[in-house]
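Q: Quick one: this structure, given as structure tokens, is what I'll be asking you about.
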Amino acid sequence: MKRRIFLVLVLLLVVAVVGISTAYTHQVSAKQQQQPQDTGNADTDHEALRSSPLSSSGSCGLERWAVKTGTDADVGLINLQSTTQTTIASLVALPTPSNLPPNNRIQPTETTVFQLHETLTEYKLESDSDYHLILADGAGNTMIVEIPDPTCVGASSPLLPGIQQARSEFDARYTVTDTFQTANVPVTIIGVGFFDFLHGQTGVAPNGIELHAVLDVQFGNGGTPTPTATNIPTPIATNIPTPTPTNIPTPTPTGTPPTSNLIQNGSFETSGSWTYTGQNLPICTTTRAHSGRYSLRVGTTSGQQGDSIADQMVTIPSSTTSMPDRRQTSLTVVCR
């Protein structure tokens, strides 16, 4: 009898232990399922995506995507023929918008094409197929500029040709992966102003300002294509009569010449002073620097179509009497 009671007690003890173990296992499993998964990529965890098998990552973005890629209702307000030189410090000082509309632009920032001369520190491929570039200045300010995948951009977007150009320029220099890579090279970036939502992006500005989309990228130590040699026919000598020299009186200078250079930022070392217009916008570049770090590239290296113009207004001193009717004139550099 005692043996039978003992066996019953042992059996009850085993059942109790198994039940407690099973309950604990379910509790631990439930806790593990409740824990958020750390993907190691804070830049894309909060991005809504749509499937796009032809894009670089297989997905395109949704968040303010029309504004990012130029298919929004206000894209016609952007003047693509004019760029404004600026700095990271100036852009991060802009006030943070209280509202970010999905299909409209915040004027004037998001209707302006900006040009930056800064340092590219890091880059990577985002889950929405954008190239995520981090720029930094010497004062420790950083901001993000992004190049969308052209396959994620609507065919009607006026930004598409620039996006395709910028993407090709970057691909010619770097192989982009979904992991941050270090660059630390000077770059000149042209792109449209854009305010993004703040969700812990690496390199993000405090006010969320970006250039999105980037329309042109020039690297500080990039090469210039070597022109192709062509056969130039030798001109045939012809007898040209020697003109009879005539005495041309030497003009007497009038007025007091200016004692300082009237042209501002003539070496293109800083932002400002110049206004860029034309079908192919001039670009400040370090490719062929002169006395300093920069020079101005007017036109394109091949297939020039239309004008490429840089100009500024200079003031003629009042003491100059040789131009009595004009005290201001425009200095223009044009490539046709």
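Q: Which ordering of Met313, Met143 is given by a fewest-first count of other beta-carbon atoms within 10 Å?
A: Lowest count first: Met313, Met143.
Q: Enumerate the calculated ³J(HN,Hα) couplings along region 200-214 in order (Karplus 6.51 cos²θ - 1.76 cosθ + 1.60, θ = phi - 60°), each rounded to whole Hz, writing x wherever the residue is Gly or Pro.
A: Working through the residues one at a time gives x, 4, 5, x, 5, 6, x, 9, x, 5, 9, 9, 8, 9, 6 Hz.
Q: Now for a separate question. What whole-number distance in Å separates the alpha-carbon centres of region 96-128 and region 195-211?
A: 8 Å
Q: Would you please give the residues with an amide H less than 5 Å from that of Val185, counting only those at least 5 places away or on a separate chain, with H modeled from the backbone geometry?
A: Leu120
Q: Here is a further query. Taking the simple approach of a point 7 Å from Cα along Cα-to-Cβ for both Ser168 and Ser51, what is their distance in nm?
A: Output for this residue pair reads 3.2 nm.
Q: I would also like to ask the following. In nm, give the distance between the simple-model label positions of Ser267 and Leu198, each being 7 Å from the Cα along the Cα-to-Cβ direction.
A: It works out to 3.9 nm between the two label points.
A short reminder: the numbers here are calculations on the coordinates, not readings from a lab. Here the structure is a predicted model, which is why all the values come from computation and not from measurement. Here Cβ is always computed from backbone atoms with ideal geometry, including for glycine, and neighbour counts include all displayed protein chains.
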